[in-house]
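Note sheet for the following structure.
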Amino acid sequence: MKRTVTVTVNGTPREILVPAERTLLEVLREDLRLTGTKFGCEQGECGACTVLLDDAPALSCLTLARLCDGKSVTTVEGLDGPHAEVLREAFAEAGASQCGYCTPGMAVMFHHLLGRRAAGETIDPRRELSGNICRCTGFTKILEAYERSARIAEENGA
């Protein structure tokens, strides 16, 4: 059974007709052609499909699209503002991306963490990134990218 879902994706309101079993990841990639969010394990283990759902990290491979009615979704393509620019710079400087497959999920998570940090919350990046897996670099350069991005954001008052 199909249902019309109204969702705001990267700031743009959308009405999408979705089957009951279709995931948010499938809708983003196949229907909306937003391919930055990656298919990884499709079991919620790798974090490659991480998006922000009403500004909170969510695994789009486990989220049914029909449950997103009335919600806001931000994908890696929709990251903007000072934190997004800082992240791009920090990832490049740290050499934190090899194959790049995990990078979109990491970037979405980092963006969320930088916002929480700017609000005064203490962040433990190792714990927060425990649901995001990188098979190429390990986590040294990725954690370095987070620390760089946090430092740059703080210096810029973001």
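Read the figures in this text as sums done on the coordinates, not as results from a lab. Being a predicted model, the structure only gives us computed values, none of them experimental. We place every Cβ from the backbone using ideal geometry, glycine too, and count neighbours over all the protein chains shown.
With the convex hull constructed from alpha-carbon coordinates only, the stretch 32-85 shows a mean projected area of 4.1 nm² over all directions. Residue exposure proxy: GLU26, GLU42, GLU15, ordered by other Cβ atoms within 10 angstrom of their Cβ from fewest to most, comes out as GLU15, GLU42, GLU26. Footprinting exposure proxy ranking of GLU85, GLU147, GLU21, fewest other C-beta atoms within 10 angstrom first, gives GLU21, GLU147, GLU85.
Note: the chain, Cα convex hull, 101 Å³ per residue. Computed with the Debye formula from one identical point scatterer per Cα of the stretch 78-120, without solvent, the log10 of I(q)/I(0) at q = 0.25, 0.30 Å⁻¹ comes to -0.90, -1.15. Per residue, the chain reaches -9500 deg cm²/dmol at 222 nm when only DSSP H runs of four or more residues are counted, each adding -39500 (n - 2.57).
Given the stretch 58-145, report the % of alpha carbon pairs whose separation exceeds 15 Å. Roughly 61 percent, rounded to a whole number.
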